[in-house]
Amino acid sequence: MKILAFGEVMLRYTVPEHMLLEQSDTVLMSTVGTGVNLLGSLSHLGYETGMITQVPDNSLGKKAVADLRKLGIDDSLVGYTNGYLGSFFVELGHGSRPQRVTYQDRLSSSFCITGPDEYDFNSALEGVDYVHICGIALSLTKETRSAALELAKVAHKKGVKVCFDFNYRMGLNENNSHQMMKELYQEMLEYVDIAFGSKRDLTDLLDYAEIKESDLYAKFSADYDIEYFAGSNRKSDEHKRYFQGFIAHNGQLYKSKLREVKVLDRIGSGDAFASGVITGLIENWKYEDTLRFAVANSVLTQESLNDTPLFDKEDIFDYLACDGKNELIR
Ligand SMILES: O=C(O)C(=O)C[C@H](O)[C@H](O)COP(=O)(O)O
């Protein structure tokens, strides 16, 4: 089973000790991004993975690619070119203070200035079972938009399962009109088999009316011939936060129980959930079991520092077996 992901590889600078950037003179550096997180997780879950992207032809690019290899991700489809490595700073939240992400350099990164002609999608997809495309590519530049759409089109034609994460970020779309983004997502969805997103993506971005959740997901899936639509919800009461997953398939809506989460670092929660769902689909698990697994992977990731989930199947099954109540393993 081989999974390929297309998206930007980014350097993440995390301010230590829950400090604000202004308070700190040091940062922790890691290599992340939707594809990196998803594939890093899937390679820990036992599958063959590869990243298709572009990085700068300098030591930053070499560092990023060395980190991919460290995560178990094949780097043979990574191209080296001009440009920068996109990066962002993370200030961790605490209590009622939210976590904050500040992007920099993004639109002139090597990934953002590379269009479809620089990739050989047809040969990249040989022997690939699933390809994952990050929706952020639709928000960035004309090069990333056309590359993402072209990849989806080629994969669809070759019968490779296309996974697509809406990953719609308001902050990255301030200069893009609603109509333009809606049309780009609609074009992409024509090629998609498995979509990851939320109710808000359907109502606010694709302008679906607010109807009963199960009817909304069934209508969306029928309109674009989507085999699976999956995503997560967050709920909170006065003192606790909860995470829940759903899968909509064939007109049915499956939902997990709410699982309490004590968030240390919420970035990567969606990617961890997605890799759990893809695992369940690969393994043909029941949807209820797939959701339990995907939610556990996401909760474990949110209770760990950094984006990339590093849990293997045994970690997740052990966690589920004790219902997350094991405090010490030794
Ligand atoms: O490229 C970007 O702008 C990103 O935000 C990449 C992020 O590292 C992950 O995709 C995390 O996304 P979540 O799993 O939804 O928290």
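Considering each residue of segment 194-203 in turn, none proves to be more than 24 Å from residue 273 (Cα to Cα) and modelled with pLDDT of 95 or more. Please verify whether residue 267 is in contact (Cβ under 8 Å) with a residue 60 or more places away in the chain and either of a type outside the set (Lys, Arg) or closer than 23 Å to residue 167 by Cβ (or both), treating the condition exactly as stated. Judged against the criteria, residue 267 is a match. Checked against the criterion of being touching a Cys at 6+ places or on another chain (Cβ under 9 Å) and modelled with pLDDT of 95 or more, the candidates 209, 274 yield just one match: 274. I'd like the full set of residues that are among the small types (Gly, Ala, Ser), assigned to a loop (DSSP other than H, G, I, E, B) and buried (at least 20 other Cβ atoms within 10 Å of the Cβ), limited to segment 298-330. Across segment 298-330, there are no qualifying residues.
Can we say residue 60 is modelled with pLDDT of 95 or more, part of a helix (DSSP H, G or I), assigned by the TED database to the domain that holds residue 109 and under 16 Å from residue 4 (Cβ atoms)?
Working: modelled with pLDDT of 95 or more: yes; part of a helix (DSSP H, G or I): yes; assigned by the TED database to the domain that holds residue 109: yes; under 16 Å from residue 4 (Cβ atoms): no.
When the stated conditions are applied, residue 60 does not pass them.
The values are calculated or read from the model by the stated rules, or taken from the named source; none is laboratory data. The model shown is predicted, which means the values in this text are computed figures rather than measured ones. All Cβ positions, even for glycine, are placed from backbone atoms using ideal geometry, and neighbour counts span all protein chains on display.
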